[in-house]
Amino acid sequence: MPSGVASQWNKVITMDTRSRIVASPARRVVQLPRFFRWFSNQCVLRQVDVSDVPRIWKAVLYPEYESCWSSAMACSEREVADLVHAAQSDWQRGTRYMMAAHRKQTQEFVGWISARAPHDATKHGVWSLEWFIHPEFITSSLTLEVIAAGTDLLMNVLDARVLRADCPAGHTHFEEVLQAAGFAPHVPAGSLDPATGRARAQALYVLTQRDWQLAHGAQNTIGPTTLGGYTQPKLELSLL
């Protein structure tokens, strides 16, 4: 495992005043509620909504936009709106969780991270990650914090067993971020995809629950200077 993986993170699931439970391997949330907050040191994750459409579309206009997106690029504000509406429907089914990330202190829109369960993969705990980071924050520690916090949410709360992340070829910064978050390169970009018979445009990175648990049991901290000095977060899930 990379040396830049955070050590034990404290988890608290805070419900309303009627009840309170602590996250543990014995009790997991099988589906995220519509309204929730997942806090890290600098960011807050929440369900993406229509107010995020103009924020995402505005970021598309930046010249650096293409290097900030892990999936297909949107070509219009309408496509962004369709993406958000589809994500909200998937959220209700528990097949995809698309979460907007905001900076806690300033409420600035940092980006989003999305976890999708391919077909019936939720039964086996397999999730695929996608993300978008606003160009203004792409080289800051917030990039790693968003991906690491989303990963921790899936592992700790949704009991994910395997996380997959496709990283576009040439996105060396995201390759470094994924490895710092604990992901290991599994299939390189350019290799033959057996499903399509074509060369893969993206590299595949994988993180298993076992490796995540081993990493969090070790006395390691995230903090490579090239990633902005990311520090160990205290994460909290608030169910409203």
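Annotations
- You can think of it this way: the chain between Q105 and Y62 has 13.1 nm of extra reach, that is 0.36 nm per residue less the Cα-Cα gap.
- In this view, the solvent-accessible surface of H134, computed with a 1.4 Å probe and all protein chains in place, comes to about 20 Å².
- Calculated FRET efficiency for the pair T139/A184, C-beta based, R₀ 22 Å, to 0.05: 0.45
- In nm, spacing of pseudo-spin labels at A86 and A199 (7 Å Cα→C-beta vector): 2.7 nm
- Under the simplified labelling scheme, the Q31-C75 pair shows an inter-label distance of 3.4 nm, with each label point 7 Å from Cα along Cα→Cβ.
- FRET efficiency, 1/(1 + (r/R0)^6) with R0 45 Å, evaluated for L192 and Q213 via beta carbons: 0.85
- Near-label residues of the stretch 159-185 by backbone N, under 11 Å of a point 7 Å along Cα→Cβ of H124: 162
The values are calculated or read from the model by the stated rules, or taken from the named source; none is laboratory data. Keep in mind the model is a prediction, meaning the values are calculated, not measured. Cβ coordinates were reconstructed from backbone atoms using ideal geometry, including for glycine residues, and neighbour counts include every protein chain displayed. Accessible surface is based on the protein model in full, side chains and every heavy atom, while ligands, DNA and RNA are left aside. Shrake-Rupley method; radii C 1.70, N 1.55, O 1.52, S 1.80 Å.
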